[in-house]
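Following: one structure in structure tokens, then a few remarks.
A short reminder: the numbers here are calculations on the coordinates, not readings from a lab. This one's a predicted model, so the numbers in the text were calculated from it and none came from an experiment. Cβ sites come from the backbone with ideal geometry, for glycine too, and all protein chains shown count toward neighbours.
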Amino acid sequence: MLAFGIVYLQNHLGLEPCPMCIVQRYALIGVIVWCLLGIGSNAPVRTFAMTWLIAITSAFGAFVAARQSGFSGTHPRWCLAAAIFTA
């Protein structure tokens, strides 16, 4: 989905992402990085730390997504998702 948003919607259609969409991308990239860093560890402390970092980062991304949708399913007018789903 991240690649679809960047390559197709942004580069092909010329739609610019809103600031909250960009923050959601950063949260997703953070989760990916934490997962990759935690893959090769057999140490319980590192696994525990990576688990909490993944949980905190994904909770932050979920909060941004909920705030972006206005907690009620409506998108702000300036949002990329609003341009897609209300067209």
* Asked: If you keep only loop residues by DSSP, which chymotrypsin sites (Phe, Trp or Tyr not before Pro) in segment 5-62 have at most 15 other Cβ atoms within 10 Å of their Cβ?
  -> none
* Structure fact -> Sorted largest first, the C-alpha extents of segment 1-67 along its principal axes in whole angstrom are 46, 25, 13
